[in-house]
């Protein structure tokens, strides 16, 4: 009982710390065991907290999975917005920035979160899925807009719709988490530069 009281006192003093612990435990267990095989009880035990602490921060296990997605997509959207808002940047510079800065580089910090979401997203339904789709549409929109701008200016080849090309670019990067080794010889940023060179080599009008 004393240990439980200690945990509750700690949570009260540092609610954001408790939330971060629960998220980290959820990511770790979802990645190791899978979403379906991980209970709320397992998450709170791994975090050293209580179910009361869990439900203070998350409405359900599904809500925690949605927050895992938010952890990385919010960062990606922020990076994408910064890239496209650089004054006087060309479509080529913007698309390179989106690929390197917003699509690949975040994997250096959020590889586990991205892996968990891509593996377990089928468990997200209803309003939670709608919120996720809205953020993903926003992220994809940055790519679509830049590619469309490049096509209209005659900088990019007009082969297929901007949305189709954008989906191809995003898809190329999105599944890198499957084989990416963060301790390997190349960083996500370096991989992103190779992807950008390959994509732009096919898109840019000679």
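Of note:
- Dividing the convex hull volume of the alpha carbon atoms of segment 70-163 by its residue count gives 105 Å³ per residue.
- Computed from the Kirkwood radius of its Cα pairs, the Stokes-Einstein diffusion coefficient for segment 128-203 at 25 °C and 0.890 mPa s stands at 177 µm²/s.
- Segment 78-117-segment 144-206 distance, computed between alpha-carbon centres (Å): 11
- Stokes-Einstein D for the chain, Kirkwood Rh over Cα pairs, 4 °C, 1.567 mPa s (µm²/s): 69
- Helix 188-203 and the long axis of the chain differ in direction by around 30°, with both axes built from C-alpha atoms.
- Within the chain, helix-based [θ] at 222 nm, where runs of 4 or more DSSP H residues each add -39,500 (n - 2.57), nearest 500: -23500 deg cm²/dmol
- Each residue, residue 36 and residue 153, gets one label point 7 Å from its Cα in the Cβ direction; the gap between the two is 4.8 nm.
- Relative to the longest principal axis of the Cα atoms of the chain, the long axis of helix 61-84 makes an angle of roughly 30 degrees.
- As a length-normalised measure over Cα pairs under 8 Å and 6 or more apart, the relative contact order of the chain settles at 23 percent.
- FRET efficiency for residue 88 and residue 20, using Cβ-Cβ distance with R0 set to 35 Å, rounded to 0.05: 0.35
Since every read-out is calculated from the coordinates, none of them should be taken as a lab result. These figures come from a predicted structure and were not determined experimentally. Ideal geometry is used to build each Cβ from the backbone, glycine not excepted, and the neighbour counts take in all protein chains shown.
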